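Please read the structure below before turning to the comments.
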Amino acid sequence: MSEKEVKNLEEIFEARIARDEKIEPKDWMPEKYRKTHIRQISQHAHSEIVGMLPEGNWISRAPSLRRKVALLAKVQDEAGHGLYLYSACETLGISRNELYEQLHSGKAKYSSIFNYPTVTWADMGAIGWLVDGAAIINQVPLCSTSYGPYARAMVRVCKEESFHQRQGFEIMLKLANGTPEQKEMAQDALNRWWWPSLMMLGPTDAESVHTEQSMKWKLKRKTNDELRQQFIDQTVPQADLLGLTIPDPDLKWNEETGHYDFGNINWDEFWQVVKGHGPCNKERMNARVGAWKRGAWVRDAAMAYAEKKEARKKVSKAS
Amino acid sequence: MTNNSTTDQSSLPLGEMSEGQRGNLHNYILGIADNSLILGQRLGELCGHGPSLETDIAGTNISLDLFGQVRSYFQYAAQVSGDDTVTEDTLAFMRIEREYKNVLLVEQPNTDFGYTIVRQFLFDAYHLLFLRELEKSTDETLSAIAKKSIKEVSYHWRFSSDWIRRLGDGTSESHERVQEAVTDLWMYTDELFHQTEADQAMIAEGIGVDTSKLKDIYYKMISDVLEEATLEIPVGKYFHKGGKQGIHSEHMGYILSDMQYMQRTFPNMEW
Ligand SMILES: [Fe+2]
Ligand SMILES: [Fe+2]
Ligand SMILES: [Fe+2]
């Protein structure tokens, strides 16, 4: 293809996106579009499965049968999200094994929030309320993103995420209305998860590299700072409802802007965690890589068995 | 037992039962439920750590089914106890180790995926046969729980027996590993058919399942799959029991300290 032809195709492609048409796997797409989508969708998929670990940590200790069942179901949903997203990513011509390889080698990233430890039961509430809450703010716009398989996966994912958020809030509500120990546990969890949740919406616009291109492809509709503001504005009244205090002395309603003002985010901490030096980066990677290695013989067996079965079918057909 | 005419949700005229009968029924329900509780707990430990996303989802599914069944059984047992302070959660979390009645098989550790699957397989076959009989119980509540659970457990059995075939007839490594698990866990199979006093009393009442009648079918059922999977059927004649009487393996204390952690640390709170 000549350079001119490619340019022409690109123009047609961008025009389609501008008209809100969906791009499907068989359609022509610029290499950069494909790569950017592989990066973003796989990063999202990895976040779902690494995200199973901090909450999975409390399944065996959940305080009641009802909570245990709900937590199991939630973590299972996250596995399901990982599955849809890996499948969406595979339509771009990359295998799931390659994607795992990128995660395990540290080449691919996942949401840095999952590198924080879950130290009390209240963390199950705070994660559902804040982390799933921030995820929804990030993800709802993606339901109308340009790449068809990603947009459709996100519709399913978002429905379940809002269920998770309500479930998390309900855990917090129960604690906030409980005994003094329970209330303290809830406040402590909010104190620990608040700032990382704000960081989860990504670096400030000034530091964010991909924004402009992503806007054009509808991978992003609002900037990180806009999303963060939306999250804060939505969450502060919920904290009030819980009777809990957001750990930010600078947090204040601003009549003029119609938004909450908030204090400085510790971006040094954010970059430390992103670069692999958060409190649990090592544990999370060890868990994923370990599970993958320990499971190799099982996956090999399944493959060998399927091949044998196929071969037997052929023999019995031939005879 | 002549309670077929009652339309009451509990189906048993609990008020008409003697204390001894109630006690037997209560213990009988716990005996069934504790197996699902401890196996569900073991599977829950694995969530996110399995060999593939698909097996993780399936394992979680099975765990969820088992806990769902546990809740139905415990809610009924709480009602049977006639004691207002007994709830599904006090039954699950506040008993001492000697009061748990699960078989030794289900408390065995998640040594590797082979052991996890074999434990599941050996239990599922029993569980399915058991539920099919429990469905015929004169106790309407137990019969209803059994009916609902059969669908779930049929799926568990399909899942575990399919994996036995894959691992047994997969690679030489998987064959060896799964064979080792079968050989090791075999000694816990006989206990499934061991009958306690409560079991015998409930059989006499037409409520309980006479498990002695299931033993031959059980061994046939698992042997068929093992054979298909090119695995050897262990010939071991030495078996272990004790779980049903509350005499557990050394694993049990750790399972409980994990499972009971919140309720023991923060007693009398709602979550
Ligand atoms: Fe997500
Ligand atoms: Fe998710
Ligand atoms: Fe979620």
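Some points to look at:
- Residue check, residue A:74 within 14 Å of another protein chain (Cβ to nearest Cβ), of a type outside the set (Phe, Trp, Tyr), over 13 Å from the mean Cα position of the chain (by Cα) and within 14 Å of ligand 1 (Cβ to nearest atom): yes
- Tally, over segment A:47-84, of residues that are in a helix (DSSP H, G or I) and within 14 Å of ligand 3 (Cβ to nearest atom): 24
- In the condition set (1) within 16 Å of ligand 3 (Cβ to nearest atom); (2) more than 14 Å from every other protein chain (Cβ to nearest Cβ); (3) in a helix (DSSP H, G or I), residue A:201 is compliant with all but (3).
- Matching residues in segment B:79-99 - criterion: being surrounded by 24 or more Cβ atoms within 10 Å (Cβ to Cβ) and either closer than 27 Å to residue B:48 by Cβ or out of contact with any Lys or Arg (no Cβ under 9 Å at 6 or more places or on another chain) (or both): B:91
- Residue list for segment B:223-266, filter: surrounded by fewer than 16 Cβ atoms within 10 Å (Cβ to Cβ), closer than 25 Å to residue A:181 by Cα and not hydroxyl-bearing (Ser, Thr, Tyr): B:258, B:264
- Any pair with Cβ under 6 angstrom, 6 or more apart, that starts in segment A:111-138 at a residue that is within 15 Å of ligand 1 (Cβ to nearest atom) and ends at one that is among the aromatic types (Phe, Trp, Tyr) and not in a loop (DSSP other than H, G, I, E, B): A:129/A:169; A:130/A:193; A:134/A:231; A:137/A:231
- Within segment A:17-37, being among the aliphatic types (A, V, I, L, M) and under 12 Å from residue A:219 (Cα atoms) holds for one residue alone: A:17.
- Out of A:274, A:298, one residue alone is aliphatic (A, V, I, L, M) and more than 22 Å from residue B:50 (Cβ to Cβ). It is A:274.
- Of the residues B:230, B:196, the single one that is away from every other protein chain (no Cβ under 14 Å) and touching a residue at least 40 places away in the same chain (Cβ under 8 Å) is B:196.
- Residues of segment A:51-66 satisfying the condition of being farther than 18 Å from residue B:270 by Cα and at the interface with another protein chain (Cβ under 7 Å from one of its Cβ atoms): A:52, A:53, A:56
- Among the residues making up segment A:111-125, those that are within 16 Å of ligand 2 (Cβ to nearest atom) and away from every other protein chain (no Cβ under 14 Å) are A:111, A:112, A:113.
- Residues within segment A:85-110 that are within 13 Å of another protein chain (Cβ to nearest Cβ), within 16 Å of ligand 1 (Cβ to nearest atom) and surrounded by fewer than 19 Cβ atoms within 10 Å (Cβ to Cβ), tallied: 1
- Scan of segment A:204-233 for residues that are in a helix (DSSP H, G or I) and under 28 Å from residue A:23 (Cβ atoms), ordered by number: A:205, A:211, A:212, A:213, A:214, A:215, A:216, A:224, A:225, A:226, A:227, A:230
- Number of the condition not met by residue A:129 [criteria: (1) within 12 Å of ligand 3 (Cβ to nearest atom); (2) more than 18 Å from residue A:242 (Cα to Cα)]: (2)
- Residue A:291 vs. criteria surrounded by 12 or more Cβ atoms within 10 Å (Cβ to Cβ), touching a His at 6+ places or on another chain (Cβ under 7 Å) and at pLDDT 95 or above: yes
- The lone exception for residue B:223 - which of (1) without any contact (Cβ under 8 Å) to a residue 12 or more places away in the chain; (2) in contact with a helix residue (DSSP H, G or I) (Cβ under 8 Å, 6 or more places away or on another chain); (3) not in a loop (DSSP other than H, G, I, E, B) it fails: (2)
The values are calculated or read from the model by the stated rules, or taken from the named source; none is laboratory data. Values in this document were obtained by computation on a predicted structure and should not be read as measured data. When we count neighbours, we look across all protein chains shown, and the Cβ atoms used for this are built from the backbone with ideal geometry, even at glycine.
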